[in-house]
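The values are calculated or read from the model by the stated rules, or taken from the named source; none is laboratory data. Remember, predicted model here, so these are calculated numbers, not experimental data. No Cβ is skipped: glycine too gets one built from the backbone with ideal geometry, and neighbour counts run over all protein chains shown. Calculation scope for accessible area: heavy atoms of the full protein, side chains included, ligands and nucleic acids excluded. Shrake-Rupley method; radii C 1.70, N 1.55, O 1.52, S 1.80 Å.
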Amino acid sequence: MDFLDENCVSSVRISILVNGSPTSEFSPQRGLRQGNPFSPFLFDTVFEGLNILLVRAINLGILRGVLVGSKDVILSHLQFADDSIIFSKADWDQMVLIKRILRCFEVLSGLRINYHKSVVYGIGVDDALLLSFAKLLNCQVHSLPLRFLDLPLGANPGRKSTWKPVLDKT
């Protein structure tokens with residue numbers, strides 16, 4: 001079965017407005033049309049590649065993730081659409097490995113990670129070490145709490161003020 005119809009990629013013709021006047025029509029050279037119902041499926045398929053790389057590193061014992069809960073479940077990452085969180089020990093070798101995994105993902109997928117939008121967070125980690133991780137990853141350092149998918153992470157869940165922004169949106 002052929003899921004990707006070439007017409008999804010090559011049939012569109014577009015023009016753009018320059019100073020209020022449309023240019024001649026042309027065909028984009030890459031990607032799907034905006035709003036194409038196939039786009040989310042393709043995106044999820046590509047990002048499954050990052051998931052596979054991270055899981056493989058965990059299974060090989062080279063990426064350690066963090067232990068969560070009373071049963072010590074290993075948590076290495078969470079993904080939702082184009083948002084990802086990678087969990088790791090605050091260890092230089094782990095950061096280098098994560099950088100290599102992300103680079104492999106870029107090479108394999110043809111996508112580029114925007115490190116300027118990426119952030120390093122630490123819990124009980126020395127500020128100088130966090131800054132060195134951020135320099136390695138070419139990203140910023142922030143402190144907790146953070147918002148992921150518009151939910152507060154690292155905030156006190158028992159406080160009403162933590163959940164007020166969430167409740168205000170419902």
Filtering strands (runs of 3 or more DSSP E) wholly in the stretch 38-106 for at least 1 residues that are touching a residue at least 60 places away in the same chain (Cβ under 8 Å) and exposed (fewer than 13 other Cβ atoms within 10 Å of the Cβ) gives 77-80, 83-86
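If you go through the stretch 61-94 one residue at a time, how many are more than 18 Å from F47 (Cα to Cα) and not β-branched (V, I, T)?
Of the residues in the stretch 61-94, 16 are more than 18 Å from F47 (Cα to Cα) and not β-branched (V, I, T).
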Tally, over the stretch 108-136, of residues that are part of a helix (DSSP H, G or I) and either open to solvent by less than 60 Å² (accessible area, probe 1.4 Å) or at pLDDT 90 or above (or both): 12
Just to verify a result, which residue in the stretch 155-169, among those that are open to solvent by 100 Å² or more (accessible area, probe 1.4 Å) and either closer than 18 Å to L144 by Cβ or of a type in the set (G, A, S) (or both), is modelled with the lowest pLDDT? K164
